[in-house]
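Student: Sharing a structure below in structure tokens format, with a few things to ask.
Each value in this text was obtained by applying a stated rule to the coordinates, not by laboratory testing. As the structure is a computational prediction, the values presented were derived from the model and not from experiment. FYI the Cβ positions are ideal-geometry reconstructions off the backbone, even for glycines, and counts take in every protein chain you see.
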């Protein structure tokens, strides 16, 4: 919630700041328009906002993970690290109440620290020391070195009464009491996230270079990515290979249209993820199963795209071609296929996106290699840095695929949207 | 028997709701080689249906089309077609569009290259051979469509409102071009138009059709097309006969439109609906 409020505040203040520095962001013809609210063509993405947006994500990420890439003053308050002290008052049978001090060394998990040495002090209740990891909590057995042990009970912490269920807040953290009367110290957590929930950006990058060099689970990073991409490309290829001719046939023949319409219309809304169990039952968890799944994911999309491409041909073009003497085959080759390319490209972009999502999901379920398997296994060992690295890689590759498809589209279908 | 014969053509469309529309009723006409016929009529008079039947895209319910003695059964390169718009192939350059017919017929580039270049010069697209068609203006696109049709050397050219989508100035220029091409090539041309002026200017013969059912209302032989070949079209329009003809035909079409709008059946249908 706090993070969201900070985000909203940054959003608004960055807007004000950029406006203040840059002034009007619209340029060219759009800058002279007075009606922009409601005119979609006058709305262009503000690139400054995009840059700030990406920066803010990393900034917040770094600030709430105590990233070393950020100067310290930008960090959200971190967990307490160092020596915490509090006093307790104990009572025991046959002696008066006595007070002693506890020193707890709070350390970063992963480091080894020595228990601080303390002077036992006066009285029958002796001073204690212990260690607790940051973001953890620990039982502090204050009674173990005290001289009077019969009926030993702690009644107060820092002068405030304590009993099972009660807690005492100190500047170092919270002290509670277990049902058996043992003190429980929970160091202050601060605002930052623990690395096992959210590692710092540099930890993710470090893990990336690490895995790029040494691999993960018996395969290199490139193998994991390569296997995922290979499945997508092969599945999509066969899906297009069957789907496009099927779509053409459906667009050109009544019989094909009637025969396949119910099948295609039924299969289209079935999410490919729902087919994973069936595909695993039929084809196992090997490559074949995955490729069948991706084939099915791409097939219907490509068939529908090709069908739409054929139906979308302006009838004067077909008539013109016929009256120029073209044969059916020539009309197919020179009119229908090129005319359907824009639709097919749109379909291919959608299909590639769906395939990429489906392959990751299928690998999450079961796989020996693949980027989905990588993050699934990592999550089981709480290796959050690998999970985040995997998600970022999946996003980047998906984005890269889309950029490639758009580039190919621009190259092959330059007339799209210009007719 | 040379020329284009339109013999007792009738066309009835059966609608899915059981009713039928009589689009054409017993239309007969003969065009000799090299004649330019313009066809006028209110919307729904079946002129485009007639053109599609001649082109071979539709089979008439009865009657037949003959060209130079043989019956027309489907589309063929002997009957070229120029559409109002949207019939060019955007994935081809101007030159590829114009050479489409010869290329589909399997003729080699050296056989058609000269004709195609010449035609592109004639329609005024000398410097646009390699341009993409979507980069051209509407008027230029229609020039490409004309050249493409001529490059295939058809016996008959069917034009379905070829200038309908152009602005007034471009349209005037294109009318001159159509007349010139007609004289130079000696093609038989059927031109459908909504503009009475255009029909008068270009049509050596003029057919006025009447709707419901589509039929020939009246036919004229006009001198203006011949006058226009050697004179400025604007001068032709100033000719007293031209104005008289225009008013006569406009009045005729107006009457037909009014007849449609105020038909007693329509009135009674409305009344019936209101009663329900």
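Student: Taking every pair of distinct Cα atoms and averaging 1/r, then inverting, what Kirkwood hydrodynamic radius in Å comes out for segment B:1-100?
Tutor: On the way: mean 1/r = 0.0652 Å⁻¹.
After inverting the pairwise mean of 1/r, the radius is 15.3 Å.
Student: Working out 0.36 nm times the residue gap between residue A:256 and residue A:242, then minus their Cα-Cα distance, what length gain in nm do you get to one decimal? Write out the running numbers ahead of the final one.
Tutor: On the way: separation 14, 0.36 × 14 = 5.04 nm, distance 1.38 nm.
Once the chain is fully extended between residue A:256 and residue A:242, it gains 3.7 nm.
Student: Among rounded, prolate and oblate, which fits segment A:9-160 when a ≥ b ≥ c are the square roots of the eigenvalues of its C-alpha gyration tensor, a/c under 1.5 means rounded, and a/b larger than b/c means prolate?
Tutor: On the way: a/c = 5.69, a/b = 3.95, b/c = 1.44.
It is prolate, given that a/c is not under 1.5 and a/b is the larger ratio.
Student: Where both residues lie in chain A, what percent of DSSP beta bridges are antiparallel, nearest 5?
Tutor: 80 percent
Student: Relative to a virtual label point 7 Å from the Cα of residue B:248 in the Cα→beta-carbon direction, which members of segment B:188-202 show backbone nitrogen distances below 20 Å?
Tutor: In segment B:188-202, the label zone of residue B:248 (backbone N under 20 Å from the point 7 Å along Cα→Cβ) covers B:193-202.
Student: Run a plain Debye calculation on segment A:203-412 (Cα atoms as equal point scatterers, no solvent) and give log10 I(q)/I(0) at q = 0.11, 0.13, 0.18 Å⁻¹, rounded to two decimals, same order as the q list.
Tutor: Once normalised to I(0) and log-transformed, intensities are -0.60, -0.77, -1.18.
Student: For segment B:101-244, what is the percent of antiparallel DSSP beta bridges, rounded to the nearest 5? Walk me through the intermediate numbers first.
Tutor: Working: 6 of 11 bridges.
In segment B:101-244, DSSP labels about 55 percent of beta bridges as antiparallel.
Student: Which whole number gives the average count of other chain Cβ atoms within 10 Å of the Cβ atoms across peptide B:133-142?
Tutor: On the way: counts 2, 6, 3, 0, 0, 0, 0, 0, 0, 0.
The shielding value for this peptide is 1.
Student: Hey, could you get me the Stokes-Einstein D for chain B, Kirkwood radius over alpha-carbon pairs, 10 °C and 1.306 mPa s, rounded to whole µm² s⁻¹? Don't skip to the answer; put the middle values down first.
Tutor: Numbers: Rh = 20.0 Å.
It diffuses with D of about 79 µm²/s by this estimate.
Student: Specify the angular offset, from 0 to 90 degrees and rounded to the nearest 10, of the alpha carbon long axis of helix A:201-214 from the longest principal axis of the alpha carbons in chain A.
Tutor: 70 degrees
Student: Starting at 0 and stepping by 10 Å, how many percent of the alpha carbon pairs of segment A:177-314 end up in each bin?
Tutor: Pair shares across the bins are 10, 23, 20, 17, 13, 10, 4, 2, 0.
Student: Take residue B:194 and residue A:328, extend 7 Å from each Cα along the Cα→Cβ direction, and tell me the distance between the two endpoints in nm.
Tutor: The answer from the label model is 3.6 nm.
Student: Given points 7 Å out from each Cα along the Cα-Cβ axis, report the residue A:19 to residue B:7 separation in nanometres with one decimal.
Tutor: Computed distance between label sites residue A:19 and residue B:7 equals 7.9 nm.
Student: If one puts a single equal scatterer on every Cα of segment B:164-267 and applies the Debye formula without solvent, what log₁₀ I(q)/I(0) results at q = 0.11, 0.12, 0.14 Å⁻¹?
Tutor: Debye output, listed in q order: -0.39, -0.46, -0.60.
Student: Which length gain, in nm to one decimal place, applies between residue A:278 and residue A:212 when the Cα-Cα distance is subtracted from 0.36 nm times their residue separation?
Tutor: Additional length available on full extension: 20.3 nm.
Student: Roughly what % antiparallel, to the nearest 5, for the DSSP beta bridges in chain B? All intermediate terms of the calculation are to be shown ahead of the outcome.
Tutor: Details: 22 of 40 bridges.
Taking every DSSP beta bridge within chain B, about 55 percent pair in antiparallel fashion.
Student: While we're here: If one computes P(r) from the Cα atoms of segment A:229-300, what percent of pairs lie at distances over 17 Å? All intermediate terms of the calculation are to be shown ahead of the outcome.
Tutor: On the way: 1221 of 2556 pairs.
Of all Cα-Cα pairs in segment A:229-300, 48 percent lie more than 17 Å apart.
Student: Now for a different question. From the Cα gyration tensor of segment A:326-379, with a ≥ b ≥ c the square roots of its eigenvalues, which class applies: rounded if a/c is under 1.5, or else prolate if a/b is larger than b/c, or else oblate?
Tutor: Details: a/c = 7.12, a/b = 4.19, b/c = 1.70.
The shape class here is prolate.
Student: Can you tell me what the convex hull of the Cα atoms of chain A projects to on average, as an area in nm²? Before the final figure, lay out the partial values.
Tutor: Numbers: hull surface 129.4 nm².
Hull-based average projected area comes out at 32.4 nm².
Student: Also, quick follow-up: What FRET efficiency do you get for residue A:40 and residue A:139 if R0 is 41 Å and r is their Cβ-Cβ distance, rounded to the nearest 0.05?
Tutor: Details: r = 63 Å, r/R0 = 1.53.
Computed FRET efficiency for residue A:40 and residue A:139 comes out at 0.05.
Student: Right, something else. Diagonalise the Cα gyration tensor of segment B:119-195 and give the resulting equivalent ellipsoid semi-axes, square root of 5 times each eigenvalue, largest first, whole Å. Mind dumping the intermediate values first?
Tutor: Details: eigenvalues 69, 53, 24 Å².
That gives 19, 16, 11 Å for the three semi-axes.
Student: For helix B:109-122, report the angle its Cα long axis makes with the longest principal axis of the Cα atoms of chain B; keep it between 0 and 90° and round to the nearest 10°.
Tutor: Value to nearest ten degrees: 60.
Student: For segment A:2-74, divide the Cα radius of gyration by the Kirkwood radius and give the resulting Rg/Rh value with two decimals. Can you show the working numbers first?
Tutor: Details: Rg = 15.7 Å, Rh = 14.3 Å.
Answer for segment A:2-74: 1.10.
Student: Take segment A:82-187, compute every pairwise Cα distance, and split them into 5 Å bins from 0; I just need the percent in each bin.
Tutor: Once binned at 5 Å, the Cα pair distances of segment A:82-187 give 2, 13, 25, 25, 20, 10, 4, 1, 0.
Student: I want to check the label-to-label distance for residue B:232 and residue A:81. Put each point 7 Å from Cα in the C-beta direction and report it in nm to one decimal.
Tutor: Simple spin-label model gives 9.3 nm for this pair.
Student: Helix-only estimate, please: 222 nm mean residue ellipticity of chain A, summing -39500 (n - 2.57) across DSSP H runs of length 4 or more and dividing by its residues, to the nearest 500. Working shown, then result.
Tutor: Working: 12 runs with 216 residues, N = 419.
Using -39500 (n - 2.57) per qualifying helix, the result is -17500 deg cm²/dmol.
Student: In the Gaussian network model of chain A, springs joining C-alpha atoms below 10 Å, which of A:95, A:118, A:56 carries the largest mean-square fluctuation?
Tutor: Per the Cα network of chain A with a 10 Å cutoff, A:95 tops the list.
Student: What percentages make up the Cα-Cα pair-distance distribution of segment B:56-193 when the bins are 5 Å wide from 0?
Tutor: Cα pair-distance distribution for segment B:56-193, in percent: 2, 10, 20, 23, 21, 14, 7, 4, 1, 0.
Student: Who wins for biggest fluctuation among B:69, B:41, B:18 in a Gaussian network model of chain B, springs between alpha carbons below 10 Å?
Tutor: In this elastic network of chain B, the residue with the biggest mean-square fluctuation among B:69, B:41, B:18 is B:18.
Student: Could you work out which residue, out of A:75, A:152, A:319, moves most in a Gaussian network model of chain A, that is, has the largest mean-square fluctuation with Cα springs under 10 Å?
Tutor: A:319
Student: Could you work out how far helix B:168-185 tilts from the main Cα principal axis of chain B, as a 0 to 90 degree angle to the nearest 10?
Tutor: Once rounded, the angle reads 70 degrees.
Student: Across the residues of A:311-320, average count of Cβ atoms on other protein chains within 10 Å?
Tutor: Numbers: counts 0, 0, 0, 5, 4, 10, 6, 3, 9, 15.
Mean number of neighbouring Cβ atoms from other chains: 5.
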